[in-house]
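The values are calculated or read from the model by the stated rules, or taken from the named source; none is laboratory data. From a predicted model like this one, the values you see are computed outputs, not experimental measurements. Every residue, glycine among them, receives a Cβ derived from its backbone with ideal geometry; neighbour counts consider all protein chains shown.
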């Protein structure tokens, strides 16, 4: 018995692409039109944790997955070389809210969002590696006030983090630490939060289609970067805040995945392995047109 949302039969010859609706991946999806790729494509909307699982189980062929999910199943995937959600410094949507000083909180209890393994493990690396601290962790639904009533700090990501940050600007109750900024402060490296992965078996089955799809995502990314205003206005309408906030937000995220971003992610996996957060060494397998010969 399998009641997984993607367990329906995989339409033969159809490439299933996962889609998450966090604003941080909007630029890559915004101008992406499956009709323009000539490939048979089915778009599957899901939250990141569901998408990570569906990719692992082979129910989705490609899409954005959390960086840590790639590490867990890296032998099954290749990564697209020019697509990611990365930051060199502050990421503005992976935030640790504190009601006591950072070092004190890191020796106390931190409430964790249940929605992102990458950020949770980034926090563990920052705490253990850079602050020599080992907090106790409390997984909770992403509700800042409930989390803070039971812990010394709360980790939120994505649109939940952004909304909590806005509310905090009004009342200034909590200190806010940006995990992208902390990582960069200690390592001087980029941090990649999401990668664009494709299952190796899909590359074997649909090599031409995959090439077309990659080109279309890349074109969407370039259009979004050249003119972010439509995304900015949509974010104001759908999530709130003002245009200035979203201009700053999209401008400070980076959607490339070149050698610098790859080095930062490789370091993240080295630390994760060293601290026992992942049970094997991770090698980044980058797709090229001849990845699978």
I'm trying to understand the selection: among the residues of the stretch 158-178, which are under 13 Å from the mean Cα position of the chain (by Cα) and under 25 Å from residue 130 (Cα atoms)? 158
Failed item, numbered, when residue 3 is tested on (1) modelled with pLDDT under 85; (2) in contact with a helix residue (DSSP H, G or I) (Cβ under 7 Å, 6 or more places away or on another chain): (2)
Could you tell me whether the stretch 127-136 includes any residue that is surrounded by fewer than 18 Cβ atoms within 10 Å (Cβ to Cβ), farther than 16 Å from residue 179 by Cα and in contact with a strand residue (DSSP E or B) (Cβ under 6 Å, 6 or more places away or on another chain)? yes
Lone unmet requirement of (1) closer than 27 Å to residue 117 by Cβ; (2) part of a helix (DSSP H, G or I) for residue 222: (1)
Condition first: within 24 Å of residue 248 (Cα to Cα) and either touching a residue at least 60 places away in the same chain (Cβ under 8 Å) or not in a loop (DSSP other than H, G, I, E, B) (or both). Can you find one or more residues in the stretch 133-151 that meet it? yes
Of the numbered conditions (1) farther than 18 Å from residue 200 by Cα; (2) crowded, with 20+ Cβ neighbours inside 10 Å; (3) touching a helix residue (DSSP H, G or I) at 6+ places or on another chain (Cβ under 8 Å); (4) at pLDDT 90 or above, residue 22 satisfies every one except a single condition; which is it? (4)
